[in-house]
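Here the structure comes first, spelled out in structure tokens, and everything after it is commentary.
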Amino acid sequence: MTEPVIHTETIGDNAYRRIRADIIFGRIAPSQKLKLDKLKDVYGASISTLREILSRLTSEGLVVAEGQRGFEAAPVSVENLREVAALRQLLEGFALEQSFAAGDVEWEGRVVAAHHKLAALEQRMRDGDMSQTEMWKRYDWEFHQALISACGSKVLMDTHAAVFDKYLRYQMIALSFRGDIAAREHRVMLEAALDRDAPTAKSMLEKHVGGGVEHALATGTIKT
């Protein structure tokens, strides 16, 4: 009998995951200097490992290399937010078409389950409980990923996920929650998925993302 292979997370993997999450969820502020000595204490990784991690995050567009001066978290801007949102719509809209055409009963189950978690947390937030904003955005991510999970392309899924994370970063910086509006939009997208109605889902996605951008900008937290 073959022994099961146990995959353990390395120190470098752990540090990469934590730094990336801290940038996306706004715990590391835009344009914040990323000093290796401080990062070493916080994330428990060596200087050389941290350099590799920050170089990797630079290639992902979440960190900026400053030549001899080190690294900093990528800045934010109104223009960049609009570009990221437009790219998300393009990728997600295409993936929705492919996923709706190929999705089976198991896919429907994933979509319904993801929406159930998101809707439950959105209701709590509408009732005034804003203590789980990170979990809310995780559930939001899971719902949109579930919608396109039957698209049949890992490259498309991975590319969309990377763009979604950049969009999510702006949402976390602005802490933008649109209440009943966003919840209704998610419900329409769920029903469109179950009806295999890609045009309605794409139209609602455009409204959903566009509304999210304008609501985030209205908070005044993204000014450049």
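The values are calculated or read from the model by the stated rules, or taken from the named source; none is laboratory data. These figures come from a predicted structure and were not determined experimentally. Neighbour counts run over all protein chains shown; Cβ positions are idealised from the backbone, glycine included. These accessible areas exclude ligands, DNA and RNA; they are computed on the full protein's heavy atoms, side chains included. Shrake-Rupley method; radii C 1.70, N 1.55, O 1.52, S 1.80 Å.
So here's what we get for this one:
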quantity	calculated
Close pairs (8 angstrom Cβ cut-off, 6 or more residues apart or separate chains): over 11 Å from Gly12 (Cβ atoms) in the range 45-56, part of a helix (DSSP H, G or I) and charged (D, E, K, R) anywhere	Ile47/Asp37; Ile47/Lys40
Which listed residue is over 26 Å from Gly212 (Cα atoms) and of a type in the set (Val, Ile, Thr), from Ile53, Ile148	Ile53
Failed criterion for Ser99 (all others in (1) polar (S, T, N, Q); (2) open to solvent by less than 70 Å² (accessible area, probe 1.4 Å); (3) modelled with pLDDT under 95 hold)	(3)
Odd one out for Met157 among (1) in contact (Cβ under 8 Å) with a residue 12 or more places away in the chain; (2) open to solvent by 50 Å² or more (accessible area, probe 1.4 Å)	(2)
Verdict on Val213 being open to solvent by 10 Å² or more (accessible area, probe 1.4 Å), of a type outside the set (Gly, Ala, Ser) and more than 20 Å from Arg124 (Cβ to Cβ)	no
Set Ala15, Ala86: member being among the small types (Gly, Ala, Ser) and touching a Phe, Trp or Tyr at 6+ places or on another chain (Cβ under 9 Å)	Ala15
Where Met125 falls short, out of the listed (1) closer than 20 Å to His186 by Cβ; (2) modelled with pLDDT of 95 or more; (3) assigned to a helix (DSSP H, G or I)	(2)
Residue within the range 76-94 that is closer than 17 Å to Trp141 by Cα, open to solvent by 50 Å² or more (accessible area, probe 1.4 Å), charged (D, E, K, R) and in a helix (DSSP H, G or I) present	no
Residue ID - farthest from Glu134 (Cα to Cα), chosen from residues in the range 113-123 that are open to solvent by 70 Å² or more (accessible area, probe 1.4 Å) and over 17 Å from the mean Cα position of the chain (by Cα)	His116
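Yes or no, residue by residue, for (1) outside any helix (DSSP H, G or I); (2) farther than 28 Å from Val78 by Cβ; (3) of a type in the set (D, E, K, R); (4) touching a residue at least 24 places away in the same chain (Cβ under 8 Å):
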| site | (1), (2), (3), (4) |
| --- | --- |
| Ile173 | no, no, no, yes |
| Arg184 | no, no, yes, no |
| Ala193 | no, yes, no, yes |
| Arg196 | yes, yes, yes, yes |
| Met204 | no, no, no, no |
| His208 | no, no, no, yes |
